[in-house]
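Notes follow the structure.
The values are calculated or read from the model by the stated rules, or taken from the named source; none is laboratory data. The shown structure was predicted, so the numbers you read here are calculated from the model rather than taken from an experiment. As a convention, Cβ positions derive from the backbone with ideal geometry for all residues, glycine included, and neighbour counts pool all protein chains shown.
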Amino acid sequence: QQPVQSPQAVILREGEDAVINCSSSKALYSVHWYRQKHGEAPVFLMILLKGGEQKGHDKISASFNEKKQQSSLYLTASQLSYSGTYFCGAYSNSGYALNFGKGTSLLVTP
Amino acid sequence: NAGVTQTPKFQVLKTGQSMTLQCAQDMNHEYMSWYRQDPGMGLRLIHYSVGAGITDQGEVPNGYNVSRSTTEDFPLRLLSAAPSQTSVYFCASSYGADYGYTFGSGTRLTVV
């Protein structure tokens, strides 16, 4: 099943902060975050593993609450280049399939 | 290092025709997956593989077949194209569950 993302869309001014949330009804092994620019393929940002280890991007941070099966992506001091659609993907404990949420559209304006 | 290569980039099919979308990676990744992307629906998993000879169905497998005879290649076959299969298709690969996926550039398919 697809994880659930919120909000669906965010508009920010350059320099503002944003939080994107991702939750699942199933127990999670790991959570991935990707960004997709219009007309391009998704690009991997970050992975959060069960047990707290985080790998990936150094300018955007994320958290993973295993007990609540939730993850949040934190974009601080947003830049114009942050604009795009952000997807969370989740591996459940019981499978090898990476399922994605419907995405959060982020627009950063000057 | 080419990464994940998808062909063709664009394709128009008539209803009922069959075709194969090609996907190849040169990174020795074990995990490979096919997704379709439709407006407002995100990325939906069609089929995936965790190694040569091993495949399984994702969320939306109907109308599609896959096989994985080599580590490098993971083709997606449309058996009898329908307008509902009009979409952008992405192939992606990864070393495994502890690593991120690398996506191909996508195939835009239109079924008329």
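Taking the numbered list (1) farther than 22 Å from B:GLU59 by Cβ; (2) within 9 Å of chain B (Cβ to nearest Cβ); (3) in contact with a Gly (Cβ under 7 Å, 6 or more places away or on another chain) in turn, A:ALA77 passes all entries but (2). Looking only at the range A:40-53, residues that are at pLDDT 95 or above and loosely packed, with under 14 Cβ neighbours inside 10 Å come to 1 in all. Residue count for the range A:74-110 satisfying the condition of being over 24 Å from B:ARG36 (Cα atoms) and either exposed (fewer than 15 other Cβ atoms within 10 Å of the Cβ) or touching a Phe, Trp or Tyr at 6+ places or on another chain (Cβ under 9 Å) (or both): 10.
Among the residues of the range B:33-90, those identified as out of contact with any Leu (no Cβ under 6 Å at 6 or more places or on another chain), aliphatic (A, V, I, L, M) and over 18 Å from B:GLY16 (Cβ atoms) are B:MET41, B:LEU43, B:LEU45, B:ILE46, B:VAL50, B:ALA52, B:ILE54, B:VAL60, B:VAL88. Scanning the range B:97-112 for residues that are of a type outside the set (D, E, K, R) and facing another protein chain (nearest Cβ under 9 Å) gives B:ALA97, B:TYR99, B:GLY100, B:TYR101, B:THR102, B:PHE103, B:GLY104, B:SER105, B:GLY106. Can we say A:PHE64 is aromatic (Phe, Trp, Tyr) and either over 11 Å from the mean Cα position of the chain (by Cα) or closer than 30 Å to B:PHE10 by Cα (or both)? It is false that A:PHE64 is aromatic (Phe, Trp, Tyr) and either over 11 Å from the mean Cα position of the chain (by Cα) or closer than 30 Å to B:PHE10 by Cα (or both). Each residue in the range B:60-71 was checked for being surrounded by 15 or more Cβ atoms within 10 Å (Cβ to Cβ) and part of a loop (DSSP other than H, G, I, E, B), and 5 of them qualify. Within the range B:8-57, being within 10 Å of chain A (Cβ to nearest Cβ), among the aliphatic types (A, V, I, L, M) and farther than 15 Å from A:LEU98 by Cα holds for B:MET41, B:ILE54. What are the residue pairs meeting all of these: first residue in the range A:28-51, first residue closer than 19 Å to A:ALA97 by Cβ and touching a residue at least 24 places away in the same chain (Cβ under 8 Å), second residue part of a strand (DSSP E or B) and among the charged types (D, E, K, R), Cβ atoms under 9 Å, and 6 or more apart or on different chains? Pairs that qualify, where the first residue is closer than 19 Å to A:ALA97 by Cβ and touching a residue at least 24 places away in the same chain (Cβ under 8 Å) and the partner is part of a strand (DSSP E or B) and among the charged types (D, E, K, R), are A:PRO42/A:ARG35. Among residues of the range B:36-63 that are without any contact (Cβ under 8 Å) to a residue 12 or more places away in the chain, those with a Cβ under 7 angstrom from a residue that is among the charged types (D, E, K, R), sequence gap 6+ or separate chain, pair up as B:GLY40/A:LYS102; B:MET41/A:LYS102; B:GLY42/A:LYS102. Set side by side, the residues A:LEU45, A:LEU12 differ, and just one is away from every other protein chain (no Cβ under 14 Å), of a type outside the set (Lys, Arg) and outside any loop (DSSP other than H, G, I, E, B), which is A:LEU12. Filtered by the rule that a residue be part of a strand (DSSP E or B) and under 20 Å from B:TYR99 (Cβ atoms), the range A:15-37 gives A:CYS22, A:LEU28, A:TYR29, A:SER30, A:VAL31, A:HIS32, A:TRP33, A:TYR34, A:ARG35, A:GLN36. Of note, A:LYS37 satisfies the criterion of being surrounded by fewer than 13 Cβ atoms within 10 Å (Cβ to Cβ), at pLDDT 95 or above and either within 21 Å of B:CYS91 (Cβ to Cβ) or touching a Gly at 6+ places or on another chain (Cβ under 9 Å) (or both).
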